[in-house]
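J.: To start, I am sharing the structure in question, which I have written as C-alpha cells.
Derivation of every value follows stated rules applied to the coordinates shown; laboratory data play no part. Just so we're clear, the structure is a prediction, and the values are computed from it rather than from any experiment. Neighbour counts are summed over all protein chains in view; Cβ atoms, including those assigned to glycine, are modelled from backbone coordinates with ideal geometry.
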Amino acid sequence: MSTAETVYAPPGVLSANEIPTGVLNYLSGEDLLSKTQALRLSTVDADGWPKAALLSAGDVLALPNGRLRLAIFASSGTAMNLERDGRLTLSLALDGGMCSLRLRARRCRQGMPEFSLAFFEAEIERVRMHRAPYADVTSGISFGLHEPSAVLNRWRRQIAALRAVS
C-alpha cells in the first residue's frame, strides 16, 4: 500500500496528562519573536456552538507542574466560555502533525487589568497527535507582527505576570 492512498489514521494519544516536549519548548516564555505560529484555542459557547480564538506564545505559558497559564481578554466570549464551562482544546502544528491538548481551566484571581486580561490556569486531560500517512503538516496558522518591539514588550510583561500568579 502506498502512503499516497487515502487511509484514515486515528489520532494517537500521546499522554493522559503530560505536555509534549515540543509544546513545552514553544510555550516556555522565551525567544518570543521567533514563535510566530498561532495557537488555536477552542471553547463551546452557551448555545453549544464551537468558538475558536487565536493566541500567541506571548499569551500562554507552560508551567513546570504540567499546567498551562493563559492570558485572555477579560470581556471576550472565550473568557466567558472558560468561566462558565472550563473546557478547551489548544491545537498547534508539531512534529509533522497537529497536536491537540484537551484541557480544563479555572480563572485565576490575578490578571492584568491594565491590558484587560484575565488569567486562567489549565490542567491537561489528554494529548492527541493527528497525522496523515501521506503528508506532513509543515506549519499552522502563522502571523507577522506590525510592531515587534512594542508587542514583545507587552508579551514579556504578560509572561512575567503569568509566572508570578500564585
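J.: Taking H placed 1.01 Å from N in the peptide plane, check which residues at least 5 places from D95 or on another chain put their amide H under 5 Å from its amide H.
T.: Excluding prolines and chain starts, which carry no amide H, there are no hits.
J.: Binning at 10 angstrom from zero up to the longest distance, how are the C-alpha pair distances of segment 12-164 distributed in percent?
T.: Histogramming segment 12-164 at 10 Å steps yields 11, 42, 37, 10, 1 percent.
J.: Calculate I(q)/I(0) for segment 1-102 by the Debye formula, one identical point scatterer on each C-alpha and no solvent, and give its log10 at q = 0.10, 0.13, 0.19 Å⁻¹ to two decimals.
T.: So the normalised log intensities work out to -0.33, -0.54, -1.02.
J.: Can you tell me the dipole magnitude for the chain around its Cα centre, using point charges on the Cβ only (Lys, Arg +1; Asp, Glu -1), in Debye to the nearest 20?
T.: Values: 19 positive and 16 negative charges, 89 e Å.
Dipole about the Cα centre, nearest 20: 420 debye.
J.: Of the peptides 140-146, 159-165, how do they stack up when ordered by the mean number of other Cβ atoms within 10 Å, highest first?
T.: Working: 140-146: 11.1, 159-165: 16.3.
In descending order of packing, they fall as 159-165, 140-146.
J.: Once amide H atoms are placed 1.01 Å from N in the peptide plane, what residues at a sequence separation of 5 or more from A74, or on another chain, have their amide H within under 5 Å of its amide H?
T.: L117, A118
J.: Turning to a different aspect of this structure: Taking 0.36 nm per residue of sequence separation and subtracting the Cα-Cα distance, how much length would be gained by fully extending the chain between D136 and A160, in nm to one decimal? Please report the intermediate quantities before stating the final value.
T.: On the way: separation 24, 0.36 × 24 = 8.64 nm, distance 3.45 nm.
5.2 nm is the gain from fully extending D136 to A160.
J.: Which loop-located GluC sites (Glu not before Pro) does segment 1-100 contain, where loop means any DSSP state but H, G, I, E or B and the Cβ has at most 15 other Cβ atoms within 10 Å? Don't skip to the end; give the middle numbers.
T.: On the way: sites: E5, E18, E30, E83; in loops: E5, E18, E30.
When the GluC sites (Glu not before Pro) of segment 1-100 are filtered for loop state and at most 15 Cβ neighbours within 10 Å, E5, E18, E30 remain.
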